[in-house]
1. What are the ³J(HN,Hα) values, in whole Hz, obtained from phi via the Karplus relation 6.51 cos²θ - 1.76 cosθ + 1.60 with θ = phi - 60°, for each residue of the stretch 101-114 in sequence order, with x given for Gly and Pro?
2. How large is ³J(HN,Hα) for each residue in the stretch 141-155, as worked out from phi by the Karplus curve 6.51 cos²θ - 1.76 cosθ + 1.60 (θ = phi - 60°), to whole Hz, x for Gly and Pro?
3. For the stretch 57-170, just run the numbers: alpha carbon Rg, then divide by 2.2 N^0.38 Å, N being how many residues it has.
4. Within the stretch 57-72, name every residue whose backbone N is under 16 Å away from a label modeled 7 Å from Cα of Glu105 along the Cβ vector.
5. Using alpha-carbon positions, what is the distance between the centroids of the stretch 54-86 and the stretch 110-167, in Å?
6. Would you mind calculating the gained length between Thr45 and Ser171 on full extension (0.36 nm times residue separation, minus the Cα-Cα distance), in nm to one decimal?
7. Apply 1/(1 + (r/R0)^6) to the Cβ-Cβ distance of Val117 and Leu74, taking R0 = 41 Å, and write down the FRET efficiency to the nearest 0.05.
Amino acid sequence: MSELVEGTETFPRLPTMEASRSGELRTLNTGAKALHRSYRLRERTVSVTDAVPRMLVVDDSPGSREAMSALLRLDGFEVRAVTSGIEAVELLRGWTPHVFVLDIELNEHDGFAVASVLRGMPTTADAGIIATTGHSLDELLVMGSLEHFDAVFVKGEDGGQLTDLIRSFLSTEPGGE
């Protein structure tokens, strides 16, 4: 078994088109729903009235940011990517995503702080927010509160799990029903 050392980056594996549709959500004893090692923490539905759902990837690791952005574009999403929470908030002046894919360990402000700011903004209070991390769920709970996140995607897992998590939030019905 290999272990991560300081400076190690993990990258989501890009799935084949068939693999991106595989996997089923199952309920854990914690009440979270898991897709292998990625977790749906709460039931949130995001109403999408546009032709293409909008995603914002916030990750300071170029490799992870580019891999996740490419994966989401291949799955038909409109994707923008930034390196910090400050850039994410600045981008919101002219564009609002339906779902944020937010790294926990950002340089300036961590993902916990960024998620809290996003929940406090009227334009993003109801958006889906997925935490991305190389840590386990138990480690995340020690690092901070997940109250502002709707799901956790563990980096290094099949990228199809990320698109499955995102699609589990989206509704084309008015009002998110």
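The numbers here are math on the coordinates, done by the rules we state, and not lab data. Everything numeric here is computed off the predicted structure, so don't read it as measured data. Note that each Cβ is placed from the backbone with ideal geometry, even for glycine, and that neighbours are counted across all protein chains shown.
1. The phi angles translate into 10, 10, 5, 6, 9, 8, 5, 6, 10, 5, x, 4, 5, 5 Hz.
2. Karplus values, whole Hz, x for Gly and Pro: 5, 6, 6, x, 7, 9, 4, 8, 9, 9, 7, 10, 10, 8, 4.
3. Taking the Cα Rg and dividing by 2.2 N^0.38 Å, one obtains 0.96.
4. Zone members listed by number: 59-65.
5. Between the Cα centre of the stretch 54-86 and that of the stretch 110-167, the gap is 14 Å.
6. Details: separation 126, 0.36 × 126 = 45.36 nm, distance 0.64 nm.
Roughly 44.7 nm would be gained on extension.
7. Details: r = 29 Å, r/R0 = 0.72.
With R0 = 41 Å, the Cβ-Cβ based efficiency is 0.90.
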